[in-house]
1. I'd like the full set of residues that are touching a His at 6+ places or on another chain (Cβ under 7 Å) and of a type in the set (Asp, Glu), limited to region 1-39.
2. For region 10-22, what are the residues that are at pLDDT 95 or above, surrounded by fewer than 13 Cβ atoms within 10 Å (Cβ to Cβ) and either more than 25 Å from the chain's Cα centre (by Cα) or not in a strand (DSSP E or B) (or both)?
3. Conditions first: (1) under 17 Å from the mean Cα position of the chain (by Cα); (2) part of a strand (DSSP E or B). Residue 51 passes all but one, so which condition is the exception?
4. Please list, ordered by first then second residue, the pairs with beta carbon atoms under 8 Å, 6 or more apart or interchain, first in region 26-45 and within 16 Å of residue 16 (Cα to Cα), second acidic (Asp, Glu).
Amino acid sequence: MLVVTRKRGESIVVGDGIEIHVVSVGANGVRIGVTAPRDIPVHRREVYDLVVAANRSAAAINPVLSVSALASSLRTRTPLAPPALVAAEGTDAPHRLA
């Protein structure tokens, strides 16, 4: 682990495009800002841990049971009617209603 000392207004650069800014320092903690590309997720540790736990839980579901439950649900569902076709105003060509 790299440990650095920073003051308010100073920052740390991590890799390409990620910058951690010290916004303020107070009695109850340090406020930091993170600048990162949109495709890089940035989470507080407690939120990240919840996301990881939820992903592991979802991955642990028995896929055979999930597929059979989905198939059963689809078998009992009423099929959707095809979209209506109408002639566009001024033409004889049919168009789907949106």
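1. If the condition is that a residue be touching a His at 6+ places or on another chain (Cβ under 7 Å) and of a type in the set (Asp, Glu), then no residue fits.
2. Passing the criteria: only 10.
3. Residue 51 satisfies every listed condition except (2).
4. Pairs found: 34/19; 35/19; 36/19.
The values are calculated or read from the model by the stated rules, or taken from the named source; none is laboratory data. A quick note: this is a predicted structure, and the numbers were derived from the prediction, not measured. Cβ coordinates were reconstructed from backbone atoms using ideal geometry, including for glycine residues, and neighbour counts include every protein chain displayed.
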